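Visitor: Here it is: the structure, laid out below.
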Amino acid sequence: MTSPKNRTVALLGNPNCGKTTLFNRLTGLRQKVGNYPGVTVERREGRLAGSTGITLLDLPGCYSLTPKSPDERIARDVLLNWIPDLPAVDAVIVVVDASNLRRNLFLATQVIELGLPVVLVCNMLDLVASHGKQIDLVALGDRLGVPIVGTVATTGAGLDELCTVITRCCTSASPASLSSSGSACSSGAAGFSFADDALLSVTAPLRDALVAHQIVPADIACPVARMLASSPSSDSDVSPDHWPAEFTLAFARIQKQWRSNGEHPSSALVQARYVALQQITGGVVDHEPTSFISRSDRIDAIVTHKFWGMAAFTTVMLVMFLAIFSGADPIMGFIESGVSWLGGFTASVLGEGVLTDLLVDGVIAGVGNIVVFFPQICILFLFIALLEDTGYMARVAFLMDRVMSGAGLHGKSFIPLLSSFACAVPAIMATRTIENRRDRLATMLVAPLMSCSARLPVYIILITILFPGALWLKVGIMLSMYALGTITALAVAFILKRTLLKGPTPTFIMELPPYRMPMPGALIRNMWDRSKLFLTQAGTVILALSIVLWALAYFPRVDAKAGLSPGAQLRQSYMGQIGRGMEPIIEPLGFDWKIGVGLAASFAAREVFVSTMGIVYGIEGDVDESSTTLIDAMSNARRDDGRKVFTPLTGISLMVFYVLACQCMSTIAVVKRETNSWRWPTFMFAYMTVLAYVASLIVYQGGLAVGFR
Amino acid sequence: MIVSSENMPDNVSGAASDPAMPDPAMPDPAMPDPAMLDPAMSDGSAKADSDADNTVTLDSLQVGAAATVVGIHGSDASIRLMEMGLVPGARINVVRRAPLGDPMDVFIQGYHLSLRAAEAHLVYVQLTPPGASA
Ligand SMILES: Nc1nc2c(ncn2[C@@H]2O[C@H](COP(=O)(O)OP(=O)(O)O)[C@@H](O)[C@H]2O)c(=O)[nH]1
């Protein structure tokens, strides 16, 4: 047997260095995607193609091992074996973008200092060559003291050699050899020295604590202590959960020193590392990148231009929405008919009975309600992947940061909020690119306020019933509903960032990567991975809740021989009881119990409101005999005292409620998943419900007061 | 050495003679500790003009300006800024500002970085006179 068994090799690198492309090449299609325990940081692993027992673990992209975000923390924690249930890594492949060597090597030298066996991958050599440059890989490898392989991940050049080097590295290294080469305090493994007396003395207590608590082996305690010293200690997002008490003390001392002289003790270290890198790269690259007038820059001159940039941006966003709404249409119709066919087929095979009703009306219809949105979600994810892989996503953040920072958010919040006009679920998943936890939470919590496509049928039916005629009025009301959601979302974000999610001002230090031609295969794969996550993870919660909602509408059964119509059954079901129980509460908003049933049923998915109204009104005795369509039934519906149920005022009040209320179990499921607790989804549900209630109350009572009916 | 006066913000004194030792009486509370500006710390290749005082903060530079980083004011963002390559001695070009004025796009260590004016304000730079080779 030539290949070693059960070795884990981590893949690490700066964002945009080509790590994902390389990972996909090295592992082929045999990948597992999941999460790290306790956090929603994506965990990808796969078997190294052609090996028997080498697992590649793709770590989140990061710039440094002193983490500034949960993603970067994971990278550090994996390397230091601080994550329970995860095997220690046996070697690390550090991928660097050869066209931007120095900054990329910053991270590489940090890893080398930890003494783990490192294989350095110099990727994007084609770009270097196209600039007419060359990199002396042998000299670079010698200076850093690690094996080095040059690759072009997009074409696969150099990957065979890389596989050989990885296998050799795994064969020779003993397992779990954190620090086999060992790095003493004064000099790193690569032979560059960062001895700085001030830093050494200030980090000594940290180092001692690390050793005393056996958090890391003694021989690497020094570099780890230095690394920790520059982490923002107060931020629980990036520090391990259970620091020993000495750590807190040591951190407090470092902070104090920093505050007193204005200089962070670690800044000397960062600086020294760059000086060392200057020496290491000196003569290795035949000349430095000095010109920023590249193809990318010429694109940027247009794309971030005051006028053309904004025009291009608007066009891109419009195309995206056109594709989401019109492109998904035929497939959505196809899915809808597929779902009803499946329902009919199941019913005909099983015959009548509770089980059939459960399967057809609960499971199939319930899941169908959500799956109809799957094409839209796929298209949205495809666009997000496209924006990311071309490099345009960073420009969107660059263009929109000023607008978003007004609401206390980040430029990167823009795309998630915009995506929310299609569906809040992928929008919430897309917030993962926001590093700062508070910004990310704020974005997630307000995203469902943007009017998603499931609200559209509700708006349409209400507007059609209530405002026949005048097209401008219809359009105006529709746009007002979208505006109401958007303005409220920004206002709530503003308030959240000043109250619950208050924290140090987040930074906007973001690389603007060069524009690149995306690879279709990578795009499809990216889209599919995320869409699948939606189906499998949110899907299970949705399935469970669909069954619960079905049961509420189905039970208790009355004697079937009485031949109750579906409407009468719904009326006396738990759902109907909930609707009637809600009546006194929703009465001040202008709603009767039937609307209450619609609201309760809408929790499955908002567009269910329309079909529920159909069932409820299908049986109304006071409905005019000649009115056969739902629209007629609803517009003619009357209260006990003979007043119309759906007056324009009730309609507006109801629409406002739909704009603001959190009636979407998929959203709640995905927020639960992304935040890993019930706290935030509960909070979201509560604040949105209160907001919706109060706003509708103001609209209805205010409307009554000024004489509307 | 040509220093265009519109690149000089009001709060930076033009009188101090040594860029490495800003006038301690300077009113700007955000001035870094003098140790931060110690030229000995900076990378050997950076030839700081010790006879010119043109130390300003990065946010005050105009689009197209070229400068050399001399120091970073200590704050939550300072370590990340340095890790991204804004270390003393590094050359920096202001490439553009976003259409709404903020953030800005700078060219540093061979790549483009965007940062808000608030963060750029932490970065002390020394203007490279126009025409000096990069
Ligand atoms: N020219 C060139 N482009 C590459 C190479 N490797 C990756 N890319 C492209 O660089 C972009 C970013 O790659 P990706 O793998 O997503 O980077 P990650 O952020 O590090 O995971 C994609 O558009 C890739 O197609 C390479 O060796 N040469």
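The values are calculated or read from the model by the stated rules, or taken from the named source; none is laboratory data. If you're wondering where the values come from, they're calculated on a predicted model, not measured in any experiment. Cβ: placed from backbone, ideal geometry, glycine included. Neighbour counts: every protein chain shown. Remember, those area values only see protein heavy atoms, side chains included, never the ligands or the DNA or RNA. Shrake-Rupley method; radii C 1.70, N 1.55, O 1.52, S 1.80 Å.
Visitor: Going through A:PRO514, A:PRO506 one at a time, which residue ends up being modelled with pLDDT of 85 or more and within 30 Å of B:GLY110 (Cα to Cα)?
Guide: Just a single option satisfies the conditions, and that option is A:PRO514.
Visitor: Out of (1) within 14 Å of the ligand (Cβ to nearest atom); (2) under 27 Å from A:PRO514 (Cα atoms); (3) out of contact with any helix residue (DSSP H, G or I) (no Cβ under 6 Å at 6 or more places or on another chain), the odd one out for A:PRO60 is which?
Guide: (3)
Visitor: Taking the condition of being within 16 Å of the ligand (Cβ to nearest atom), away from every other protein chain (no Cβ under 14 Å) and touching a residue at least 40 places away in the same chain (Cβ under 8 Å), how many residues in region A:120-149 meet it?
Guide: Residues that pass the stated criteria total 3.
Visitor: Report, by residue number, each residue of region B:68-110 that is farther than 20 Å from A:ALA268 by Cα, open to solvent by 10 Å² or more (accessible area, probe 1.4 Å) and in contact (Cβ under 8 Å) with a residue 24 or more places away in the chain.
Guide: Passing the criteria: B:ASN93, B:VAL95, B:ARG96, B:ARG97.
Visitor: Moving on. Does A:ILE524 count as out of contact with any Asp or Glu (no Cβ under 9 Å at 6 or more places or on another chain), within 16 Å of the ligand (Cβ to nearest atom) and aliphatic (A, V, I, L, M)?
Guide: The answer is yes for A:ILE524.
Visitor: Is it the case, given these coordinates, that A:ASP300 is within 26 Å of A:SER666 (Cβ to Cβ), charged (D, E, K, R) and assigned to a helix (DSSP H, G or I)?
Guide: no
Visitor: Still on this structure, I have one more. Would you check if there is a residue in region A:581-597 being at pLDDT below 80, buried (at least 18 other Cβ atoms within 10 Å of the Cβ), more than 16 Å from the ligand (Cβ to nearest atom) and away from every other protein chain (no Cβ under 14 Å)?
Guide: No, there is no match, as no residue in region A:581-597 is at pLDDT below 80, buried (at least 18 other Cβ atoms within 10 Å of the Cβ), more than 16 Å from the ligand (Cβ to nearest atom) and away from every other protein chain (no Cβ under 14 Å).
Visitor: Taking A:LEU456 as the residue in question, decide whether it is open to solvent by 20 Å² or more (accessible area, probe 1.4 Å), over 12 Å from the mean Cα position of the chain (by Cα) and under 30 Å from A:LYS68 (Cα atoms).
Guide: no
Visitor: Continuing with the same structure: Here are some residues: A:LEU479, A:LEU535. Which one is free of Cβ contacts under 8 Å to residues at least 12 places away in the same chain and in a helix (DSSP H, G or I)?
Guide: A:LEU479
Visitor: Quick one: count up the residues across region A:354-407 that are within 16 Å of the ligand (Cβ to nearest atom), within 14 Å of chain B (Cβ to nearest Cβ) and among the aliphatic types (A, V, I, L, M).
Guide: Number of matching residues: 3.
Visitor: Any idea how many residues of region B:67-122 are of a type outside the set (A, V, I, L, M), in a helix (DSSP H, G or I) and more than 7 Å from chain A (Cβ to nearest Cβ)?
Guide: 0
Visitor: Still on this structure, I have one more. Return a yes/no flag: does region A:326-344 have any residue that is open to solvent by 30 Å² or more (accessible area, probe 1.4 Å) and closer than 22 Å to A:TYR515 by Cβ.
Guide: No, every residue in region A:326-344 fails to be open to solvent by 30 Å² or more (accessible area, probe 1.4 Å) and closer than 22 Å to A:TYR515 by Cβ.
Yes/no matrix, rows are residues, columns are (1) free of Cβ contacts under 8 Å to residues at least 40 places away in the same chain; (2) in a helix (DSSP H, G or I); (3) β-branched (Val, Ile, Thr):
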position: A:ILE384; (1), (2), (3): no, yes, yes
position: A:VAL396; (1), (2), (3): no, yes, yes
position: A:ASP401; (1), (2), (3): no, yes, no
position: A:PRO426; (1), (2), (3): no, yes, no
position: A:ASP439; (1), (2), (3): no, yes, no
position: A:PRO448; (1), (2), (3): no, yes, no
position: A:LYS474; (1), (2), (3): yes, yes, no
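Visitor: Of the conditions (1) open to solvent by 30 Å² or more (accessible area, probe 1.4 Å); (2) at pLDDT 90 or above, A:THR629 satisfies every one except a single condition; which number is it?
Guide: Only one criterion is unmet by A:THR629, namely (2).
Visitor: Would you confirm whether or not region A:453-475 contains a residue that is within 14 Å of another protein chain (Cβ to nearest Cβ) and of a type outside the set (A, V, I, L, M)?
Guide: No: region A:453-475 contains no residue that is within 14 Å of another protein chain (Cβ to nearest Cβ) and of a type outside the set (A, V, I, L, M).
Visitor: Restricting attention to region A:665-677, does a residue exist that is over 24 Å from A:PHE373 (Cα atoms), open to solvent by 60 Å² or more (accessible area, probe 1.4 Å) and without any contact (Cβ under 8 Å) to a residue 24 or more places away in the chain?
Guide: Scanning region A:665-677, I find no residue that is over 24 Å from A:PHE373 (Cα atoms), open to solvent by 60 Å² or more (accessible area, probe 1.4 Å) and without any contact (Cβ under 8 Å) to a residue 24 or more places away in the chain, so the answer is no.
Visitor: Answer yes if at least one residue in region A:434-454 is within 16 Å of the ligand (Cβ to nearest atom), of a type in the set (Lys, Arg) and closer than 30 Å to A:GLY521 by Cβ, and no otherwise.
Guide: Among the residues of region A:434-454, not one is within 16 Å of the ligand (Cβ to nearest atom), of a type in the set (Lys, Arg) and closer than 30 Å to A:GLY521 by Cβ, which makes the answer no.
So that you can scan it fast, the table gives a plain yes or no per residue for (1) within 16 Å of the ligand (Cβ to nearest atom); (2) more than 22 Å from B:ALA77 (Cα to Cα); (3) away from chain B (no Cβ under 14 Å); (4) without any contact (Cβ under 8 Å) to a residue 60 or more places away in the chain:
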residue: A:THR66; (1), (2), (3), (4): no, no, no, no
residue: A:PRO70; (1), (2), (3), (4): no, no, yes, no
residue: A:ASP77; (1), (2), (3), (4): no, no, yes, no
residue: A:TRP82; (1), (2), (3), (4): no, yes, yes, no
residue: A:ASP85; (1), (2), (3), (4): no, yes, yes, yes
residue: A:VAL94; (1), (2), (3), (4): yes, yes, yes, no
residue: A:ARG103; (1), (2), (3), (4): yes, no, no, no
residue: A:PHE106; (1), (2), (3), (4): yes, no, no, no
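Visitor: Name the strands (runs of 3 or more DSSP E) wholly within region A:1-94 that hold at least 3 residues that are crowded, with 24+ Cβ neighbours inside 10 Å and in contact with a Gly (Cβ under 9 Å, 6 or more places away or on another chain)?
Guide: A:7-13
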